[in-house]
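Here is the structure we will look at.
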Amino acid sequence: MKTLFNVIAIDVDNPRNLPHNKVILFCYSIFLLVYLIWDGYESFTLPRGRERDFYRAVVFWELPWLLVIAVFEIIALVWNNHLMISILTIIILSIVTIWFGLLVSRMRKSM
């Protein structure tokens, strides 16, 4: 569902306009919040071991990035420089995605 909203928010049919970054940031905030709740629950209910450690690492990844995205979303609501908002959105979401990829690859190596 998040992907569908993001595709609509990017507005690929209208290449002259910048994406609707506020919608994209909102979708990512909701996505991270839902997964934070899920992963937090898993990290408390699983028995001790590698899987539980992985979920805790994911929670410690999700918390700061959820905060960063939420704060930037609030900034984007009041800031009128749409080009800069687009550039910073790309940078922030790229870092979030790369960091998560590294986290998952670390998990695969340890399991």
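The values are calculated or read from the model by the stated rules, or taken from the named source; none is laboratory data. Because the structure is predicted, anything quoted here is derived from the model rather than measured. Glycine also receives a Cβ, built like all others from the backbone with ideal geometry; neighbour counts cover every protein chain displayed. Just so you know, the surface numbers come from the protein's heavy atoms only, side chains and all, with ligands and any DNA or RNA stripped out. Shrake-Rupley method; radii C 1.70, N 1.55, O 1.52, S 1.80 Å.
Key figures for this structure:
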quantity: Tally, over region 98-111, of residues that are surrounded by 12 or more Cβ atoms within 10 Å (Cβ to Cβ) and within 22 Å of A70 (Cβ to Cβ); calculated: 3
quantity: Of residues in region 73-95 being in contact with a Phe, Trp or Tyr (Cβ under 7 Å, 6 or more places away or on another chain) and of a type in the set (V, I, T), the one most open to solvent (accessible area, probe 1.4 Å); calculated: I92
quantity: Residue tally, condition within 12 Å of K22 (Cα to Cα) and open to solvent by 30 Å² or more (accessible area, probe 1.4 Å), over region 35-72; calculated: 2
